[in-house]
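Notes to accompany the following structure.
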Amino acid sequence: MSLTNTATRYGSVAKTLHWLTALLILALIPSGIIANGLPYDTPEALAQKAQLFSIHKTMGVVLFGVAVLRILWALTQTKPTPLHPTRRGEQFLAATAHWLLYGSLVLVPLTGWIHHASTEGFAPILLPIGQDLPLVPKSEALAGVTASLHIIFERVLVVALLLHIVGALKHHFIDRDATLKRMWFGWTEAGAGVKPASTSAPIYAAVAAWAVAIGIGASLGLFEKHESTAVAVALAEVDSDWTVETGELAITVKQLGSDVRGSFADWTAAITFDETTEGVMGDVDVTIAIPSLTLGSVTAQAMGADFFNASEHPTASFVADITRDGDAFLATGSLTIKGTLIPVALPFALSLDGDQAEMSGQLTLDRRDFGIGTGTDEGSLGFSVVVDVTLSATRGASEP
């Protein structure tokens, strides 16, 4: 069998790429549906869901490569002529379906890949290519848009695929011609080799179909931002000798071997501190709204009963005394999460300029001490959680 096409038959390369694409699609669509539908209310269920999503994403990247290769090969090859060139309407529908298929074979995995690269956490791609993409930033907004486009283009792909299959079956069982046989492996040749007049109308029709699909998706609210289902917590204002102007309270966990960084949007800090005092120089009392955590694609799972259990324990607290530790400082006290109190010490660096202060510190916790992710092994979710704290504060009592 020849590797290349002729005007009356497809070569072995085109046939191989065609059927490999078909197998990947038939594996990808159900795996994505099943993975989306799996629960994640227990550590075991979350691990199973993540594993299936990893397989789905990996096959998606492979499909993207195969689709690009298939398109590039098709551009270099003679396209076998249709067996019924005089059926203009049928040829238009077939060409439109082909453009929808080719375009969707690129758009579906590409939007899924960008979504993966722009968010953090959950189900790594199982290929030695890294988890990021060039020019794709970590952005929840971008992740949301590409996730919606991935769903929309996947629906277009399914419709185009069904049209393609129906057309092939019609040729085989109703017209009883060699259209389907010509794409199967063998030496089947068919057609007069007469090339029909080319037209751009199917391309415009395919673009219009994608535009309509995006419009339908937008009308269904796919591009609207969906807030966390966890109940928000209103933190009371605090009196403090130092007023926090800006700051970040972030955590980094390792999930399935990849670092996932997130941060709490809502927290308060009541701080007393006098750099001229010997011994205990002040204290700090921090209250953290657990539902304000954003942790990449695993934010919702983190709120669950087996993890932070935000519905029953909506806040965490850190109470500590501040002392000097050589050239640095130390906040020694207790951290309470999920009702569990653990003694901790936070070393931090402090820069003072009159009534302005810049602080940064880091400590590492073991999630098991707080009953977070009990039953989840370290390969799925690392035991260590790195906490980073940075803030800028101004000396002076805050307004009540």
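Here the average projected area of the convex hull drawn through the C-alpha atoms of the range 18-69 stands at 3.3 nm². The calculated FRET efficiency for D388 paired with L169, based on their beta-carbon distance and R0 = 56 Å, is about 0.45.
Residues S392, S54, S198, S2, arranged from fewest to most other Cβ atoms within 10 angstrom of their Cβ, appear as S198, S2, S392, S54.
Between I216 and I34, the contour length at 0.36 nm per residue exceeds the alpha carbon distance by 63.1 nm. Gain on full extension, evaluated as 0.36 nm per residue between Q362 and L75 minus their Cα-Cα distance, stands at 97.8 nm. If only the Cβ of Lys and Arg carry +1 and only the Cβ of Asp and Glu carry -1, the dipole of the range 12-219 around its Cα centre is close to 780 debye. Taking amide H atoms as placed 1.01 Å from N in the peptide plane, the amide H of L335 lies under 5 Å from those of I342, V344, each 5 or more residues away in sequence or on another chain.
Among T8, T277, the ranking by other beta carbons within 10 Å of each residue's beta carbon, starting with the fewest, stands as T277, T8. Listed values for the range 262-274 are Karplus-derived 3J(HN,Hα) couplings in whole Hz (6.51 cos²θ - 1.76 cosθ + 1.60, θ = phi - 60°), namely x, 8, 9, 7, 10, 7, 10, 9, 9, 10, 10, 6, 9, and x replaces Gly and Pro. When only Cα pairs below 8 angstrom with a gap of at least 6 residues are kept, the chain shows a relative contact order of 15 percent. Between A300 and L3, the contour length at 0.36 nm per residue exceeds the alpha carbon distance by 101.9 nm. Protection proxy ranking, highest mean first, for peptides 308-319, 113-124: 113-124, 308-319, where packing is the per-residue count of other beta-carbon atoms within 10 Å, averaged. Peptides 29-37, 133-141 ranked from most to least packed, by the mean per-residue count of other Cβ atoms within 10 Å: 29-37, 133-141.
Counting only alpha carbon atoms, the long axis of helix 201-219 and the longest principal axis of the chain meet at about 30°. What the phi angles of the range 33-44 give under the Karplus curve with 6.51, -1.76 and 1.60, with θ = phi - 60°, is a coupling list of 5, 5, 4, 4, x, 5, x, 9, 7, 10, x, 5 Hz, glycine and proline written as x. Around the Cα centre of the chain, unit charges on the Cβ atoms of Lys, Arg, Asp and Glu (plus for the first two, minus for the last two) sum to a dipole of about 4340 debye. Whole-Hz Karplus values for the range 320-329 come out as 7, 9, 9, 9, 7, 10, x, 7, 10, 9 Hz, taken residue by residue from phi with 6.51 cos²θ - 1.76 cosθ + 1.60 and θ = phi - 60°; glycine and proline positions read x. Dimensions of the chain from C-alpha coordinates, computed as largest minus smallest value along each principal axis and given longest first, are 97, 39, 37 Å.
Modelled spin-label separation between I203 and L126, with each label point placed 7 Å from Cα along the Cα-to-Cβ direction: 3.9 nm. The share of Cα pairs per 5 Å bin across the range 12-219, counted from zero up to the longest distance, runs 1, 7, 12, 17, 18, 15, 11, 8, 6, 4, 1, 0, 0 percent.
Over 19 Å between C-alpha atoms is what I'm after, so list which of K79/K170; K15/K79; K49/K225 land there. Beyond 19 Å between Cα atoms: K79/K170; K49/K225.
Every number here is computed from the coordinates shown, using simple stated rules; none is lab data. Computed from a predicted model, the values in this text were never measured in an experiment. All Cβ positions, even for glycine, are placed from backbone atoms using ideal geometry, and neighbour counts span all protein chains on display.
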